[in-house]
1. Which residues among the stretch B:69-110 fall inside the zone where the amide N is under 20 Å from a point 7 Å beyond the Cα of B:VAL53, along Cα→Cβ?
2. Taking N as the number of residues in the protein assembly as shown, what is its Cα Rg relative to 2.2 N^0.38 Å?
3. Cα to Cα, under 21 Å, and not fewer than 8 places away if on the same chain: which lysines meet these conditions relative to B:LYS68?
4. So for B:SER73, A:SER72, B:SER27, B:SER95, what's the accessible-area order with a 1.4 Å probe, most first?
5. Expressed in whole Å with the largest first, what are the equivalent ellipsoid semi-axes of chain B derived from the C-alpha gyration tensor as the square root of 5 times each eigenvalue?
6. Build a GNM of chain A with springs between Cα atoms under 10 Å: which of A:ALA62, A:ALA84, A:ALA29 gets the top mean-square fluctuation?
7. Over its Cα atoms, what ratio of radius of gyration to 2.2 N^0.38 Å does the stretch A:19-109 give?
8. For A:LYS79, go through the lysines and keep the ones whose alpha-carbon is under 26 Å away, minus same-chain ones fewer than eight residues off.
Amino acid sequence: RKEVEQDPGPFNVPEGATVAFNCTYSNSASQSFFWYRQDCRKEPKLLMSVYSSGNEDGRFTAQLNRASQYISLLIRDSKLSDSATYLCVVREGNYQLIWGAGTKLIIKP
Amino acid sequence: DAGVIQSPRHEVTEMGQEVTLRCKPISGHDYLFWYRQTMMRGLELLIYFNNNVPIDDSGMPEDRFSAKMPNASFSTLKIQPSEPRDSAVYFCASSYQETQYFGPGTRLLVL
């Protein structure tokens, strides 16, 4: 079983729609959680950290459910520029990160 | 700040040749990570350093791979001899705390 699991997609979503991704992690002792974004043929970049109380950054909302060991990302009013692969990332100890395989999102005009 | 710098950006080589990938982390960052990304296996951590000291190299696939960090501003990942299955994008990332900042990657093709 993979330590961090994501639906690989692709999610094909019309522009303006709301889309949500989930990610599950296996280690209940995981300490920190993140969503990274990776554009085609580019490097991953931090999108947002995920806090226990949930957090919002503009059109993006991240939630953490420690009891069920999953993390979610919600994108509202999706834009063409949101098309990318979204990587779920978990920190278990020190500063080593465990990466999900990513969920590919395609926003259609 | 220039961000994490990697060179070369692209490398095409023949099986059996030595390949050296280079990375300059962001100044002040005390962690440096080497990753490999392929379609099949996703992003894999190969090795990481803290204050120039290798902490965990359990992700290094085999003895053909080696990494060094002689000082805080430079690291290398070497593959000798290279094989076609080493073809991938190799990323270097650095961090001060939790957020990792990635370089643009080196696209390696071994023929």
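The values are calculated or read from the model by the stated rules, or taken from the named source; none is laboratory data. On a predicted model such as this, the values are computed, not experimentally measured, just so you know. Methodologically, a virtual Cβ is constructed for each residue, glycine included, from the backbone with ideal geometry; neighbour enumeration extends over all protein chains shown. All accessible areas refer to the heavy atoms of the entire protein, side chains included, with ligands and DNA or RNA removed. Shrake-Rupley method; radii C 1.70, N 1.55, O 1.52, S 1.80 Å.
1. B:69-76, B:94-98
2. The reported ratio for this selection is 1.04.
3. By straight Cα distance, B:LYS68 reaches B:LYS24, B:LYS78.
4. Final ranking, largest accessible area leading: B:SER27, B:SER73, A:SER72, B:SER95.
5. 22, 14, 13
6. Among A:ALA62, A:ALA84, A:ALA29, the largest mean-square fluctuation in the Gaussian network model of chain A belongs to A:ALA29.
7. Values: Rg = 12.8 Å, N = 91, 2.2 N^0.38 = 12.2 Å.
Against the empirical 2.2 N^0.38 Å value, I get 1.05 for the stretch A:19-109.
8. Excluding near neighbours in sequence, the set is A:LYS42, A:LYS45, A:LYS104, A:LYS108.
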